[in-house]
There are 4 protein chains.
Amino acid sequence: MEYKHVVQYYETDKMGITHHSNYVRWMEESRVDFLAKIGWPFERLEQQGFASPVTRLECKFVRPSTFADVITIYTQVKEFDGVILTFEYKMEKPDGTVVFVGESKHCFVNLEGKPIRADRACPEFCEELRKQKEVK
Amino acid sequence: MEYKHVVQYYETDKMGITHHSNYVRWMEESRVDFLAKIGWPFERLEQQGFASPVTRLECKFVRPSTFADVITIYTQVKEFDGVILTFEYKMEKPDGTVVFVGESKHCFVNLEGKPIRADRACPEFCEELRKQKEVK
Amino acid sequence: MEYKHVVQYYETDKMGITHHSNYVRWMEESRVDFLAKIGWPFERLEQQGFASPVTRLECKFVRPSTFADVITIYTQVKEFDGVILTFEYKMEKPDGTVVFVGESKHCFVNLEGKPIRADRACPEFCEELRKQKEVK
Amino acid sequence: MEYKHVVQYYETDKMGITHHSNYVRWMEESRVDFLAKIGWPFERLEQQGFASPVTRLECKFVRPSTFADVITIYTQVKEFDGVILTFEYKMEKPDGTVVFVGESKHCFVNLEGKPIRADRACPEFCEELRKQKEVK
């Protein structure tokens, strides 16, 4: 799935480039967009009584980006075993230069923050994630 | 009341100076510290069933600051009429250069977000705010 | 001029709404977009040897917004006297609820940060700003 | 080396906890503090003509933290081979609960962003890093 983010001035730092912490925010931004596009916006997850917080991140900052760059973010389901969900991300500049690659891992919790078995608590969502893994 | 904030690298922008949006965050940071110091940390306000969100801001960016600058923030109650609470802020560099002056206005709401009369809902807090206004 | 911003999860706070500091960032976001649309992206200003930093802000937080809200930001030139440039902003939710109104004031500096007379240093840009003020 | 960060209100999100992207900022905050304490503040690195940008991050979000928590961040040099510098981080709440563990990797570049051999360009700094690795 493809998502675009334009680098904002407030996302740059005194080296003149995007501050690295923003890529973590863009991972979330594109993941939120991904889930909405496959029919599972955050609201629907919440309505079904669960959330899927980040437990791990791996980030590789390949090349810098800067103010006004249009970044294309490719997001997909890398793995899903019914307990841990892994997304992978690639971010590119318009000329195809890869600026970032990364992964995020997510668990499943109910709205009190207790871990739940995704397969039991939200089988429909799990099915969709498995389908996405196939098409990647 | 005095509070110190060290400018972080992630708070700078590509002009090489502190991005102006961060001063708004430091206003909150020093206000939170002010309220804790006068015995009314946010938790206590919440326990008493209310919050005091920002309704207005006025900011004057006087001089730039940058990475690693130690900013001293002076915060005080400027006005309090039982409905609207106004804080004022002055931020300085170690050499006394004023970098920022500003004001924030706050209303009072219950935890469902409905406006309340502070004087009735939290007389003790109001008394303390009036005392602070005197000593300013 | 109209610009859209979708509220991100990382822009919310523990009250469940958009943290107020983000509106200041969206003012910049929409101003950058405005300048690009009238033919004066930041890069062009820089190429001509000047910048236009924020010197003052006035913010009125009218109603809350929250995660996934699509905010429409209306930005226009309110005043321009050849020295100080004032933008005004109105932000609305899709149902027309106004969530924010504000103003930003800007001076003109060269790339070393020294104040310059805009009328002399960049007459073309000034002419465009005056035209925008008319059409507002 | 030990560094303290108090969780700010603007660092929380609508789940009521610290937004995960902030831990990445705190890694930088504590690393900057670490380098200053061992006699190599960023300014000194810059004066010697180089910088040490982040190339990789690994983050493990162990437990949530929230507004007003005092986080103690332990930072140390994990590895340094003369080309790649690895820091490791552990973040704890006052009761000893570990909330975060992570690593950052850094390369060395000159002020034009070209990769340099640290051992040749800044032998004194490299010596100090090796000493820190020993004492960890």
Residue by residue through region C:48-95, note down the ones that are of a type in the set (V, I, T), at the interface with another protein chain (Cβ under 9 Å from one of its Cβ atoms) and out of contact with any Ser or Thr (no Cβ under 7 Å at 6 or more places or on another chain). C:T55, C:V62
Out of D:E88, D:E92, D:E124, D:E103, which single residue is closer than 16 Å to D:E58 by Cα, out of contact with any Lys or Arg (no Cβ under 6 Å at 6 or more places or on another chain) and not hydrophobic (A, V, I, L, M, F, W, C)? D:E103
Looking at region D:107-121, is at least one residue away from every other protein chain (no Cβ under 14 Å), touching a residue at least 40 places away in the same chain (Cβ under 8 Å) and in a helix (DSSP H, G or I)? yes
Counting only residues in region A:10-23 that are in contact with a helix residue (DSSP H, G or I) (Cβ under 6 Å, 6 or more places away or on another chain), hydroxyl-bearing (S, T, Y) and at the interface with chain B (Cβ under 7 Å from one of its Cβ atoms), the one nearest to C:E46 (Cα to Cα) is identified as A:Y10
Here's a check for you: in region B:1-26, which residue that is among the aliphatic types (A, V, I, L, M) and out of contact with any Cys (no Cβ under 8 Å at 6 or more places or on another chain) is surrounded by the fewest Cβ atoms within 10 Å (Cβ to Cβ)? B:V6
Look through D:A36, D:A51 and report the one residue that is among the aliphatic types (A, V, I, L, M) and touching a strand residue (DSSP E or B) at 6+ places or on another chain (Cβ under 6 Å). D:A51
Just one of D:E58, D:E79, D:E88, D:E43 is touching a residue at least 12 places away in the same chain (Cβ under 8 Å), charged (D, E, K, R) and over 28 Å from D:Y9 (Cα atoms); which is it? D:E79
Failed item, numbered, when A:V98 is tested on (1) more than 14 Å from chain D (Cβ to nearest Cβ); (2) surrounded by fewer than 16 Cβ atoms within 10 Å (Cβ to Cβ): (1)
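Condition check ((1) buried (at least 17 other Cβ atoms within 10 Å of the Cβ); (2) within 30 Å of D:W40 (Cβ to Cβ)) across all residues:
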position: B:R31; (1), (2): yes, no
position: B:R44; (1), (2): no, no
position: B:Q47; (1), (2): no, no
position: B:E79; (1), (2): no, no
position: B:G82; (1), (2): no, no
position: B:P94; (1), (2): no, yes
position: B:H106; (1), (2): yes, no
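Coordinate-derived values only; no laboratory data. Keep in mind that what you see is a predicted model, and the values were worked out from it rather than measured. Positions of Cβ are generated from backbone atoms using ideal geometry, with glycine treated the same way; all protein chains shown enter the neighbour counts.
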